[in-house]
2 protein chains.
Amino acid sequence: MTSVSVRSDELARALPGRSQRAGAAKTSPVRDLLALTERPEVISFAGGLPAPELFDLDGIRSSYDEVLRTRSVLQYSTSEGNRALREEVARRYSADGLPTSAADLIITTGSQQGLGLLATCLLDPGDTILVEEPCYLAALQTFALAGARVIGVPYAGEELDLEALERLAAEHAPKFFYTVPTFQNPTGRSHGVDARARIAASARRHGFRIIEDEPYRQLRYSGEPLPSLASFAPEHVLSLGSFSKVIAPGLRIGWIRTTKDLHPTVLIAKQAADLHTSTIDQAAAAHYLLSGRGEPALEVIRRAYGERRDAMLAALPAAMPSGTTWNSPDGGMFVWVRLPEGRNAAAALPDALARDVAFVPGAPFFAGPADERTLRLSFTTYEPDTIRTGLSRLGAAWGGAG
Amino acid sequence: MTSVSVRSDELARALPGRSQRAGAAKTSPVRDLLALTERPEVISFAGGLPAPELFDLDGIRSSYDEVLRTRSVLQYSTSEGNRALREEVARRYSADGLPTSAADLIITTGSQQGLGLLATCLLDPGDTILVEEPCYLAALQTFALAGARVIGVPYAGEELDLEALERLAAEHAPKFFYTVPTFQNPTGRSHGVDARARIAASARRHGFRIIEDEPYRQLRYSGEPLPSLASFAPEHVLSLGSFSKVIAPGLRIGWIRTTKDLHPTVLIAKQAADLHTSTIDQAAAAHYLLSGRGEPALEVIRRAYGERRDAMLAALPAAMPSGTTWNSPDGGMFVWVRLPEGRNAAAALPDALARDVAFVPGAPFFAGPADERTLRLSFTTYEPDTIRTGLSRLGAAWGGAG
């Protein structure tokens, strides 16, 4: 006898499910991992947070106090964002060799929103895009929500494999290539001047756009500044910026430097997303930048992070198994480590946590097949002594296994 | 001879265009209109902005000053949002007869973002949804960006046509019905208790969700509070709230009261959208609400808006052509006006602007065929004397035409 379920008119119908694109998105495995590292005794190289003791709390507070003398900061504002703030960001781009006007910029609620807006404006479900392999995790999440087919462009050693980029662009006609060109998350890698020129030429040749995401650009501790990708292919490149790493992330202020053809579309998407970014936070950020306190405060951050990077690089040789390799980034927040053959970073994490030290395995950052030997270490959170203590714990954790 | 364009390998390929969904979105015609009303001599009933002179600037400023004593307000935060803020919002729902815990709530960057997140979580391109006809314009824009097929549920007089809702739900199997149940924008209409019960029953019977958008709920100047739609069908209703009309819009703080089944999906969408809403603004809003200054400040707003509504309703009979009808809302910001047969609101606007008075024609608010005789008047912007002056200008503008 078969059991038949009869739908009575009296019974409620099942609720409609979530959208297909929502079904494609997953919580960040790194966020889930970070929950495990929250015991205060853990020295965590897993996070990607700026060091709060370096925030210019007094300066920022006084900017809020100043702008909150004016009633208009409590009112609705334009979707483009605060004019003085856009002018100051434009001035900085122009001084950096990339002529920019306030009209090219749209303020966003952090650069994460910038990513989402560009995905909305450029992607229909099933469209193909290229990313660096490995790639910033929250970008992968955003592209998954947009229903994109994501293909990773591999690295050849420390350099992006530009021949692979050419081949994949020819084969897949991607809508865009997403890159964090300077001090990338998770690898700390930067594309050199020649690589930038060739990436831009590839975009022109194959007709794809480039999204360059630059949250770390101003966190340089050594080496020479690199030109923006937008300066090589102004019509092809959309640039994302943020104050999260140079003022503070709590303000949630970023921006998109749009191309002329996309500006109206991005502006509509921004309006639909949240009408506009907090009027108060924008006004306070503009006031803070114009107060002249931003640059010395950033210099304090750079000096501290540079020392922390040096401490990590100096302590790594004694802490890592023989045959491990890593890079020496000129800035940013991360060092990318590759364990010797036969080791697996995720498998080693429980031993590390047992010794009160944490890192992020590299695997979740890969769009395609993962390199299980990789891991990401953040060097910005602790002072040099604590970094040394943490790395010596990590050294003990490798033990004889693997 | 045919002209053939040859693509040289040296020439750049055309850039990929914008996405189909981005192509479906348009700028708000109301925003475009508002640009015309910005001459200072125009008395504009077109806007939908809260009156800035009623913002509790001192109270809000002092809350920012207090929370900016703590470094953690400058740091990244959780995607759910500030715990104290969610607890306070939950307490208010529960006191209002809808048991709610902080875990049911996700803080959003204004309720506009809440709308976008729910569209992301629930809609795939081509899905059908129902809206009130006429409907809040920015919601129509958001649903267009999501690629939805939008069908308007008509009104029968001042009441939603509940039989039409039933029929359209049976015919189209919509994913959800979007409603502003209390003091709607643009009409100022509210669904009564019986209508709410029947809308909820319809959702259960036909298996659609309801999004109830409640920015104006607390702006009541007369009549009895109405129960939330969520109290009739807790598993079917997602509620959106906002502090934009009761504290100030510049903070961009709203929230989603989610259902259990959708909470994880909405949280991922929020994380992808902007990681989280400004840590500073959330902390300041929580501090302000808990300071006890919010309720008296809101009482000041209610009293002023109530007087302004009364002034408008008293002056309308002399100002409008004979045969015009309008409603008398118990709260909110808008009165909905219908001109006599043969009149066209948009056609009359240039005459009004020539006399330095403005309104919004009703047509853009319709998802389907528009009622060209309708217009929206906002009564919150000006004090009673100015409202009377503006309406007497409007009375002169109708002239003999039409």
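Condition (residue is within 30 Å of A:Asp356 (Cα to Cα), assigned to a helix (DSSP H, G or I) and either away from every other protein chain (no Cβ under 11 Å) or at pLDDT below 95 (or both)) applied to the stretch A:19-30: is it met by at least one residue?
If we filter the stretch A:19-30 for residues that are within 30 Å of A:Asp356 (Cα to Cα), which is where we start, we get A:26-30.
Filter once more, keeping what is assigned to a helix (DSSP H, G or I): A:29-30.
Among the residues that remain, those that are also either away from every other protein chain (no Cβ under 11 Å) or at pLDDT below 95 (or both) are: A:29-30.
Yes, there is a match, as at least one residue in the stretch A:19-30 is within 30 Å of A:Asp356 (Cα to Cα), assigned to a helix (DSSP H, G or I) and either away from every other protein chain (no Cβ under 11 Å) or at pLDDT below 95 (or both).
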Test: residue in the stretch B:264-279 that is modelled with pLDDT of 95 or more and of a type in the set (Gly, Ala, Ser)
yes
From (1) in contact with a helix residue (DSSP H, G or I) (Cβ under 6 Å, 6 or more places away or on another chain); (2) of a type outside the set (A, V, I, L, M, F, W, C); (3) touching a residue at least 40 places away in the same chain (Cβ under 8 Å); (4) more than 11 Å from every other protein chain (Cβ to nearest Cβ), pick out the condition that doesn't hold for A:Gly241.
(1)
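Could you grab me the full set of residues in the stretch A:245-257 that are part of a loop (DSSP other than H, G, I, E, B) and over 25 Å from A:Gln75 (Cβ atoms)?
Of all residues in the stretch A:245-257, those part of a loop (DSSP other than H, G, I, E, B) come to A:245-248, A:252-253.
Within the stretch A:245-257, A:Lys245, A:Val246 meet the criteria.
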Considering (1) touching a Ser or Thr at 6+ places or on another chain (Cβ under 8 Å); (2) outside the structural domain of B:Ala144 (by TED's automatic domain parsing), say which one B:Trp326 fails and leave the rest.
(1)
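Confirm whether B:Ala46 is closer than 22 Å to B:Ser244 by Cα, modelled with pLDDT under 95 and buried (at least 23 other Cβ atoms within 10 Å of the Cβ). Steps first, answer last, please.
Values: closer than 22 Å to B:Ser244 by Cα: yes; modelled with pLDDT under 95: yes; buried (at least 23 other Cβ atoms within 10 Å of the Cβ): yes.
When the stated conditions are applied, B:Ala46 passes them.
Report yes if A:Arg39 is in a loop (DSSP other than H, G, I, E, B), exposed (fewer than 14 other Cβ atoms within 10 Å of the Cβ), at pLDDT 95 or above and not β-branched (Val, Ile, Thr), otherwise no. Give the steps one after another, and end with the answer.
Values: in a loop (DSSP other than H, G, I, E, B): yes; exposed (fewer than 14 other Cβ atoms within 10 Å of the Cβ): yes; at pLDDT 95 or above: no; not β-branched (Val, Ile, Thr): yes.
No, not satisfied.
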Count, please, the residues in the stretch A:49-78 that happen to be of a type outside the set (Asp, Glu), buried (at least 20 other Cβ atoms within 10 Å of the Cβ) and within 20 Å of A:Gln218 (Cβ to Cβ).
4
Selection from the stretch A:374-396 of residues surrounded by fewer than 23 Cβ atoms within 10 Å (Cβ to Cβ) and among the charged types (D, E, K, R) yields A:Glu383, A:Asp385, A:Arg388, A:Arg393
Does at least one position in the stretch A:389-396 carry a residue that is among the small types (Gly, Ala, Ser), in contact with a strand residue (DSSP E or B) (Cβ under 6 Å, 6 or more places away or on another chain), farther than 23 Å from A:Arg217 by Cβ and not assigned by TED's automatic domain parsing to the domain that holds A:Tyr216?
yes
Counting only residues that are free of Cβ contacts under 8 Å to residues at least 24 places away in the same chain and more than 16 Å from A:Thr128 (Cβ to Cβ), which one in the stretch A:155-204 is farthest from the other protein chains (Cβ to nearest Cβ)?
A:Gly157
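Residue by residue through the stretch A:347-373, note down the ones that are among the small types (Gly, Ala, Ser), crowded, with 19+ Cβ neighbours inside 10 Å and within 21 Å of the chain's Cα centre (by Cα). Lay out the reasoning, then the answer.
Here is the first cut: in the stretch A:347-373, the ones among the small types (Gly, Ala, Ser) are A:347-348, A:352, A:354, A:358, A:362-363, A:367-368, A:370.
Now narrow it down to the ones that are crowded, with 19+ Cβ neighbours inside 10 Å: A:348, A:352, A:358, A:362, A:367.
Matches in the stretch A:347-373: A:Ala358, A:Gly362, A:Ala367.
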Wholly within the stretch B:269-385, which helices (runs of 4 or more DSSP H) include no fewer than the required count, namely at least 1 residues that are among the acidic types (Asp, Glu) and within 14 Å of chain A (Cβ to nearest Cβ)?
B:279-290
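Of all residues in the stretch A:101-130, count the ones that are among the polar types (S, T, N, Q), under 26 Å from A:Ile247 (Cα atoms) and more than 7 Å from every other protein chain (Cβ to nearest Cβ).
Of the stretch A:101-130, the ones among the polar types (S, T, N, Q) are A:101, A:108-109, A:111-113, A:120, A:128.
Next, only the ones that are under 26 Å from A:Ile247 (Cα atoms) stay: A:101, A:108-109, A:111-113.
Keeping just the survivors that are more than 7 Å from every other protein chain (Cβ to nearest Cβ) gives A:101, A:108, A:111.
So the answer is 3.
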When the stretch B:56-92 is examined, which residues are found to be touching a residue at least 12 places away in the same chain (Cβ under 8 Å) and among the acidic types (Asp, Glu)?
B:Asp56, B:Glu66, B:Glu80, B:Glu87, B:Glu88
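Can you tell me which residue within the stretch A:195-214, out of those that are farther than 23 Å from A:Phe334 by Cβ and charged (D, E, K, R), is surrounded by the most Cβ atoms within 10 Å (Cβ to Cβ)?
Here is the first cut: in the stretch A:195-214, the residues farther than 23 Å from A:Phe334 by Cβ are A:197-198, A:200-209.
If we keep only those that are charged (D, E, K, R) as well, we get A:198, A:204-205, A:209.
Numbers: A:Arg198: 18, A:Arg204: 17, A:Arg205: 16, A:Arg209: 23.
Only one residue tops the list, namely A:Arg209.
The values are calculated or read from the model by the stated rules, or taken from the named source; none is laboratory data. Please read all numbers here as calculations on a predicted model, not as lab measurements. Using ideal geometry, Cβ is built from the backbone for each residue, glycine included, and neighbour counts are taken over all protein chains shown.
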